[in-house]
Amino acid sequence: MGVMDYAELAVTSNFTFLTGASHPEELVHRAAELGYAAITMTDRNTLAGVVRAHVAAKEGGIPFIVGCRLTFTTPEWLTLLVYPTDRHSYGRLCRLLTLGKRRSRKGQCSLTLDDLVEHHEGMLAVILPPHQVNHDALPELHRLTQVFNDDRLSLAITRLYGPDDQVRLQRTRSLSELAHIPLVAVNDVYYHVPTRRPLQDVVTCIRHTCRITEAGFRLFPNGERYLKEPDDMARLFADDSKALARTIEITERAQAFNLDQLRYEYPDDTCP
């Protein structure tokens, strides 16, 4: 793997309130420094940070992919990263987010799998498996493969450096084979450099209204959620080379859309 052979597809910025510990601009500029093939912004149930990231990507000369992290009330375990591939699918994603926010209190978003089925056309999707990966998710996975046909669905595989890493990796690979969903490697980033880990711990404590000494498992167990060197990602996923290559496949398809394609459309007020 060379330095231009990896794109990070799971990135949370500080536009996911009290969760991400870096600005979109910092994440994009760091990805450009590292020689990433592309970078995205996948904040939870919002597109709020994509404009800043888009501008920063143009300054840094790195392709930017518009993305979003969708969470669901039904099923609760499901988290999807989605990427529109054209202007129309971007509009459908905006309508989907509006739907989920209008039926919830401020700051929340309530979506079901049925909502996604109505708005999925033109989007690429990556499933983030729950920490406790098991085969109970197979019915929903099979449904998602039917919805996201034309090879638009992937299953994320991550190395979280936990004590059960190898077991979790094997279960994820098993789910991929059983559900016939290709794997894609992600680092599930929450800050651009390792030194931001303490800040991420602090905002997590604020979110949970607890002291750092009381946070326990609410905190990430280590400081690995930063943008790594592409060669480091190649080393970590040496046994999953196809999952690394999948990041580029998704990037190439998602780059068909960018925010420069959006223009304000004045209403037609002419009388017949």
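The values are calculated or read from the model by the stated rules, or taken from the named source; none is laboratory data. Keep in mind that what you see is a predicted model, and the values were worked out from it rather than measured. Neighbour counts run over all protein chains shown; Cβ positions are idealised from the backbone, glycine included. The protein model used for the area step is the full one, side chains on, heavy atoms only, and it has no ligands, DNA or RNA in it. Shrake-Rupley method; radii C 1.70, N 1.55, O 1.52, S 1.80 Å.
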Inset, instruction - Could you work out the longest stretch of the chain that avoids the GluC sites (Glu not before Pro) located in DSSP loops with at most 16 other Cβ atoms within 10 Å? - result: 122-264
Inset, instruction - Specify the inter-centroid distance of the stretch 226-258 and the stretch 1-65, based on alpha-carbon positions, in whole Å. - result: 14
Inset, instruction - Name the long-range amide H neighbours of L183: under 5 Å, sequence gap of 5 or more, or other chain; modelled H, no Pro or chain starts. - result: L155
Inset, instruction - Assign one of three labels to the stretch 103-156, namely rounded, prolate or oblate, based on the Cα gyration tensor with a ≥ b ≥ c the square roots of its eigenvalues; rounded applies when a/c is under 1.5, prolate when it is not and a/b is larger than b/c, and oblate otherwise. - result: oblate
Legend entry - Contact order relative to length of the chain, as percent, for alpha carbon pairs under 8 angstrom and 6 or more apart: 24
Legend entry - For the stretch 1-116: rounded, prolate or oblate by the Cα gyration tensor [a/c cutoff 1.5]: prolate
Inset, instruction - Straight distance only, please: which aspartates and glutamates reach the Cα of K242 with their own Cα at less than 12 Å, same-chain residues fewer than 8 apart left out? - result: D5
Legend entry - Relative contact order of the stretch 45-177, pairs being alpha-carbon contacts under 8 Å that are 6 or more residues apart, as %: 21
Inset, instruction - Return the percentage of antiparallel bridges among DSSP beta bridges fully within the stretch 21-144, rounded to the nearest 5 %. - result: 65
Legend entry - Probe 1.4 Å, accessible area per residue of the chain, Å²: 49
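Can you tell me the relative contact order of the stretch 121-272? Whole percent, Cα pairs under 8 Å, sequence separation 6 or more.
Relative CO of the stretch 121-272 lands at 22 percent.
Rounded, prolate or oblate: pick one for the stretch 27-91, where a ≥ b ≥ c are the square roots of the eigenvalues of its C-alpha gyration tensor, a/c under 1.5 means rounded, and failing that, prolate if a/b is larger than b/c, else oblate. Walk me through the intermediate numbers first.
Values: a/c = 2.52, a/b = 1.85, b/c = 1.36.
Taking the square roots of the gyration eigenvalues as a ≥ b ≥ c, the stretch 27-91 is prolate.
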Inset, instruction - In a Gaussian network model over the chain where Cα atoms closer than 10 Å are linked, find which of T16, T74, T251 has the largest mean-square fluctuation. - result: T74
Legend entry - Cleavage-rule hits (chymotrypsin sites (Phe, Trp or Tyr not before Pro)) in the stretch 128-204: DSSP loop, at most 15 neighbouring Cβ within 10 angstrom: Y161
Legend entry - Sum of side-chain charges, W77 neighbourhood, beta-carbon under 9 Å (Lys, Arg +1; Asp, Glu -1): -3
